[in-house]
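Each value in this text was obtained by applying a stated rule to the coordinates, not by laboratory testing. Keep in mind the model is a prediction, meaning the values are calculated, not measured. A quick note on method: Cβ atoms are made from the backbone with ideal geometry, for glycine too, and the neighbour counts reach across all protein chains shown.
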Amino acid sequence: MMKSSRHERAIELLEAAGFPRRDLLPLLHRMMWRIGIRVPPPLFAPFHVNVLVFWLAYGAIAILSMAFGPAQRLVVKNSVVLTGASFGLALALLMAAFFLRTRLVNKLPTWQALGLR
């Protein structure tokens, strides 16, 4: 797994603050780090980065489940992408807001404040 010193410092800070393991290293972020995408942990990432990361993930899942899932007969084929992307964006905004609120309430530093890569 590709980690920079800033990733290690962020994980140590969260462990010291008593955050559960699922908040430290979400599966989506671990997979992205493993394939070489350097994305910050969600509790330190800027709002727009969290929105983009979660939108791509939730949007793809929503589109695939609508296109090939059990409800595929109920969805108009032309609207699958638009509906999935809209659903993904709504979930992404909620997740990004959750992580932003958690960071502010717990007075965690921003990703930039943790130092240089």
Q | Convex hull projection area averaged over all views, the range 5-114, Cα basis, nm² | A | 7.7
Q | In degrees, nearest ten, helix 5-17 long axis to first principal axis of the chain (Cα) | A | 90
Q) To the nearest 10 degrees, how steep is helix 47-68 against the longest Cα principal axis of the chain, on a 0 to 90 scale? A) 30
Q: Take the chain, connect every pair of alpha-carbon atoms lying under 10 Å apart with a spring to form a Gaussian network, then pick out the residue of L94, L43, L64 with the largest mean-square fluctuation.
A: L64
Q. For the range 5-114, with only Lys/Arg (+1) and Asp/Glu (-1) charged at the beta-carbon, what is the dipole magnitude about the Cα centre, in debye rounded to 20?
A. 100
Q. Along the charge dipole of the chain, which of L93, I35, I63 sits closest to the positive end, that is, farthest toward it, with unit charges on the beta carbon of Lys, Arg, Asp and Glu (+1, +1, -1, -1)?
A. I35
